[in-house]
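**Q** This is the structure, below, for whatever I ask next.
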Amino acid sequence: MAKILPFEVEYDYDFQLLGIICHLPDYRLCWTINKTLELQMSLREDTLQSLQKDKATVIPFNVFCTVVEDLHVELYLIDNINEGHRLIPELKNIDYLFMVKGGSSSYIKHCKNALQKADHILGVIDIPVESLKSKEKLLF
C-alpha cells in the first residue's frame with residue numbers, strides 16, 4: 001500500500017506590487033500609465049482566471065504588459081475587479097494591481113511617484129505580497 005506524504009510547495013514571489021485606486025476603465029488607465037511612464041504596455045491575449053467561492057464561476061481579469069529591455073523589467077497592469085468580483089478579495093479598495101518583476105527599488109519608487117501625480121489616479125500604495133492570502137492568484 002502506497003503512502004502519500006503531505007508537503008507544502010514554496011513559491012517564489014519575485015515581484016513588487018503597487019495597488020492603484022482609479023475609476024477609469026482598464027484601457028484608459030493603461031493609456032495613462034503608458035503616457036506617464038513612457039511605456040508601450042498592451043493587452044495580453046490571455047487573461048487571469050479566478051475560480052470564485054462558489055467553485056462554479058470562473059471570472060477573467062485583464063492583464064496589460066510590457067518589457068523594458070534596457071532595465072530588465074517586466075511590468076503588468078492587472079484588473080482587480082471584474083463583474084463585481086475581485087481577483088484579490090482582501091484588497092477591497094484597490095481597483096488595479098501594478099506588478100513589477102525585476103527592477104531596482106529606485107525604479108519602483110520612480111513608478112510609484114510618477115503614478116501618484118498622474119491624472120485620474122486617486123491613489124497608489126505599496127502592497128506587501130507576503131501579507132496577501134490570495135497571492136498565489138498572481139503567479140503566471
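**Q** Step through the residues of segment 118-133 one at a time and calculate ³J(HN,Hα) from phi using the Karplus curve (6.51 cos²θ - 1.76 cosθ + 1.60, θ = phi - 60°), rounding each to whole Hz and writing x for Gly and Pro.
**A** Once rounded to whole Hz, the list reads 6, 4, 6, 8, 7, x, 9, 10, 6, 10, x, 4, 4, 7, 7, 6.
**Q** To the nearest 10 square angstrom, how much accessible area does Glu136 have with a 1.4 angstrom probe?
**A** 90 Å²
**Q** Another question, then. Holding the Cα-Cα limit at 20 Å, pick out from Lys101/Lys137; Lys92/Lys137; Lys35/Lys135; Lys35/Lys109; Lys92/Lys133 the pairs that are longer than that.
**A** Over 20 Å apart, Cα to Cα: Lys35/Lys135.
**Q** What distance in nm lies between label points placed 7 Å from Cα along the C-beta direction at Glu90 and Leu51?
**A** Taking the simple label geometry, Glu90 and Leu51 are separated by 2.0 nm.
**Q** At 222 nm, what helix-only mean residue ellipticity would the chain give, in deg cm²/dmol to the nearest 500, using -39500 (n - 2.57) for each DSSP H run of four or more?
**A** Calculated from helices alone, the mean residue ellipticity at 222 nm is -5500 deg cm²/dmol.
**Q** For the pair Ala114 and His23, what calculated FRET efficiency results from E = 1/(1 + (r/R0)^6), where r is the Cβ-Cβ distance and R0 = 22 Å, to the nearest 0.05?
**A** Efficiency, from the Cβ-Cβ distance: 0.70.
**Q** With a cap of 15 neighbouring Cβ atoms within 10 Å, and only residues DSSP puts in a loop, list the trypsin sites (Lys or Arg not before Pro) found in segment 10-116.
**A** On the way: sites: Arg28, Lys35, Arg44, Lys53, Lys55, Arg86, Lys92, Lys101, Lys109, Lys112; in loops: Arg44, Lys53, Lys55, Lys92.
Filter output for segment 10-116: Arg44, Lys53, Lys55, Lys92.
The values are calculated or read from the model by the stated rules, or taken from the named source; none is laboratory data. The shown structure was predicted, so the numbers you read here are calculated from the model rather than taken from an experiment. Methodologically, a virtual Cβ is constructed for each residue, glycine included, from the backbone with ideal geometry; neighbour enumeration extends over all protein chains shown. The accessibility values were calculated without ligands, DNA or RNA, using every heavy atom of the protein model including side chains. Shrake-Rupley method; radii C 1.70, N 1.55, O 1.52, S 1.80 Å.
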